[in-house]
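Comments concern the structure below.
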Amino acid sequence: MHVDSVTILEAYRGVLKYRIMELVRYNQVHGVTGLHVNQKSVERWDSYDMVGGIGLGHNLDGTIIVDYGRIYWQDQQVDLDANRGKFVRIARALDCRMCNFEQRRLRINITPEGFIRVLEPLPKPSK
C-alpha cells in the first residue's frame, strides 16, 4: 500500500493522525506493508517538522526524511563533509521501531528518473 500524500486523507489536522492509525492498524492485521509519504514543513530543514504535525511520525514504525537545505550546524558539516553555507540533499532515518538505525545524514541526489542515489559509500554497520 502506498499513500502519497497522507494529508489527502483528512482535511482537519487534528484528525489526520487518527486516520493514519486506522490505516496502520488495518495493515498490521492484514499483513500489508504500508509506505506513507508526507511533505516536510517548509520552515525548517533537517528536522522532524512535517505537514500535519509531529504526531504523524509517532504513529509509524519508521520515519525517513529526504530533504534539501543549506548546511549551517557543525554536526551537519561533519556528517556531510561539507562547508557551512553549501546547499545539499540528504536522506536521514529519524526513527525506526523495527531495527537499530543510525541517525546520520547521507548526501543524496535525485536522478532524472526520480530515484534516490547515495553520493557516498554507505557506512559499515556498527557491531
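Could you tally the net charge around Asp81, taking each other residue with its Cβ under 14 Å from the Cβ of Asp81, Lys/Arg +1 and Asp/Glu -1?
Working: positive: Arg84, Lys86, Arg104, Arg105, Arg107; negative: Asp75, Asp79, Glu120.
Local net charge: +2.
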Using the C-alpha atoms of the stretch 59-127, what convex hull volume per residue, in cubic angstrom, is computed?
-> 117
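Bear in mind that the values in this text are calculations on the coordinates, not laboratory data. Predicted, not measured: the structure shown is a model, and the values here were computed from it. Don't worry about glycine lacking a Cβ; one is built from the backbone with ideal geometry, like all the others, and counts go over all protein chains shown.
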